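Note sheet for the following structure.
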Amino acid sequence: MLIMLKYQRPFRLTFILFFLPFFLMAQSKKTGIGLALAGGGAKGLAHIGILKAIDSAELNISYLTGTSMGSIVGGLYAAGYSGDSIEYIARHIDWGVLLSNSIPMTNYIMEEKGEYGKYAVELPVSKGKVSLPSGFLESQELWLTLEKYFFPVAAVDKFDNLSIPYRCIGTDLATGEAVVFSHGSLTRAIRASMAIPGAFSPVDIDGKRYVDGGVTRNFPVKDLFDMGANYSIGVSVSTPLNNVEELDDALKVLSQVMFLNENKDLIEESALTNLLIKIPMGSFNSASFDDGAAIIDLGIEEGRKYYPLFRKLADSLKALYPDYTFKKNRLPDHQQYKFSRIELTGLNKNEKEAFLDQIGVDTSKKLTAAKLEKETREAFAYRMYKSIVYEVKQDDKGQYKLLYRIQPESSIMLKAGVSANSLTGFGVHLNATGRNILTPFSRSLVSLNIGQSFRGLAEHLQMFGYRKPWSNRIQVYSEFQDLPTYTDFRSTGLYKLKYVTIDDRFQVSAKRRSAGGLGIQWENIDAKPQIESGIYYNGTNNYFQFYGFWQFNTLSKPLYPKKGTQIEVKAGYVFDVSPKIDLYRDGLFLGEINRSLVKYGSYLRTTLNYANTSPMGKRWAWVSRLQGGVNFSPNQSLLNGFLAGGMVPTIRNQVMFAGLHEGEIVSESMAAAHIGPRYNPFGKFYATLLGSVLSYDFIEKDQQPADLKWIFGSGLTLAYDLPIGPIEFTLMWNNKNDGLGTYFNFGFPFRL
């Protein structure tokens, strides 16, 4: 009969330590100490502190169970990682990427980076119907992270063969019953155990579908005794239920209902523990991954309180068993596998051929986790799959095979997002993307911005093989935009601009980091004044441009990356300039622009866009940005000049400048630089202080000699980087205006 020893308050520690040796003597025929780690989302990171204390006390755990986050932390410990190693892993994980449907942008081919992360909602179209996902997150990056850290034990089929026999709990979605995973793929079992309904997609195993074990058994203590334990340690990170007086709104009531079963399970399973550890979580909740470091610290502090008890347990076992030994790091040294074959499930014949072309795995060589991770990410970056999961299987002859379980994505996706901006106003972005619909190795899309400013894009990207560097992209783009005009930095007019372009380019990419090539572009600009005062123009201009370009991009995401560089250089020759523009003064027609009035014609043109983020410690980064454009000719470009201003890219020919709104300066030649620190005090909140300098009018034009001008400015931007795009507010200043200006942006502005 078990002696139940409960420790919930520090003053009872002395009592437990006194009777503990007698209890162990009574149980001397068994040595199984079991550890159960409860689920709790981000709160489960506190388990790490308990594991560190167990290691410090040199206490051997004989059996281990876990649910949800407890299954991840417990699975790592059972596989052989020490508490210190798990702490290092948890502190260096990018939870924002891990808990998303994206992988780092660095893995995408250059042709796909422009579409990265732009839409809040992506829905598949199958058999003519729009489908809803079974969970918000499939999270390819989560799969890859689990596969990476469990790679040394990837071939272990029975969880009893881990360094600590292990079980994790899932819930059968069809029956609602708790299921104990004891064999099969360790990665898939753990991913199933943490598949929170509605948040993560369910996991299919052997024809059944599973969700988070916390739905049915969040605190798996009784499973320890089923495995053979005679002494149990249970660690709970559950938050107490609210009192009736605290349930004063619908959200609190709903939250209370969701945790009723968890609380019932906690009460029942706690009764089975010999040592119950309830870590007080304070204000932390299951979604507090941004506070992961603080939660780990909380667990470490709690672990220190229990260290004397763990040490007493270990010393008592050493006294009872002379051959008792403790090994802190138990992870097998199995860092690579030689595979005899590759098997694929989930794809038809044509899809299998495409996947093998994309993955590029060479089975003639031993493969490491890093190699498989790289190849899997690169295949996933073609945006043709919901998930790519690999498993290592060992047959009776001792040979290893590599098994890929693949969920193909629908060939047609409908997407939507929103944005709001000081210039463009509010807009809803709608997109339809098809892959391999018109031709093999292709992506076709149509995007629209419906709102205060209409914008539209139709594009066809044609690759010449998945691992070939060549591609061709043709675009048709249009934008209608109201643009204020300025005189001496004060708004004096307003134009309605209509812009249409057709652009066809051929490019060669290298290592998913750079691309270069040649293109030809036709552009048409129509400008109609909305305020008829002073000197103004009304009409259109169109022309062709033959150009070369080079791009470089190592950013992990388009906005607020931790580090990386983006460069785009474009140089072209503009020809066949065909203006039809009338000049007016205060409503009086002055005449149509012609060569006797204005000198215009062909000219050379170049643009530069450079952005870099360099980390300066955990919370700080240094931001640098250079932009510029020059029309190298005394000719007037006629509606093809550059516009300075704005904090985000919103319009064609824009050179951003902290201190001006879009179009406050228009010139045929300008260059701007921004530099300053970015601070990330917590979570996804950022504060950026940029100093800026702009030079312009340094190229001589017809009837306009070169007259180099300078302007200085600065901007303080406060932003919160949401998954659907950042919310940004900027306070701006420049040395030409009195007072301060403001700028607002939400989401990803729709632009070419």
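Residues S422, S193, S509 ordered from highest to lowest accessible area at a 1.4 Å probe: S422, S509, S193.
Quick check: at a probe of 1.4 Å, how many percent of the accessible area of the chain sits on carbon and sulfur atoms?
58
Dividing the Cα radius of gyration of region 499-571 by 2.2 N^0.38 Å, with N the residue count, gives 1.61.
The percentage of C-alpha pairs in the chain whose separation is greater than 45 Å is 36%. When nucleic acids and ligands are ignored and a 1.4 Å probe is applied, K528 ends up with an accessible area of around 100 Å². The residues D297, D721, sorted by heavy-atom accessible surface at 1.4 Å with ligands and nucleic acids left out, run D297, D721 from largest to smallest. Here T216 sits with roughly 40 square angstrom of accessible surface, probe radius 1.4 Å.
Annotation: R167 carries an accessible surface of approximately 40 Å², with a 1.4 Å probe and no ligand, DNA or RNA atoms counted.
Summarised as an ellipsoid, region 654-694 has semi-axes of 27, 10, 7 Å, derived from the eigenvalues of the Cα gyration tensor scaled by 5 and square-rooted, with the largest first. The reciprocal of the average 1/r between distinct C-alpha atoms defines the Kirkwood hydrodynamic radius, which for region 425-538 equals 16.8 Å. Applying a threshold of 23 Å to the alpha-carbon distances of K563/K709; K338/K393; K52/K312; K264/K312; K113/K365; K113/K562 flags K563/K709; K264/K312; K113/K365 as lying beyond it.
The values are calculated or read from the model by the stated rules, or taken from the named source; none is laboratory data. Bear in mind that the values here come from a model prediction, so they are computed numbers and not experimental data. When the accessible area is computed, the model is the full protein with side chains, heavy atoms only, and any ligands, DNA or RNA have been set aside. Shrake-Rupley method; radii C 1.70, N 1.55, O 1.52, S 1.80 Å.
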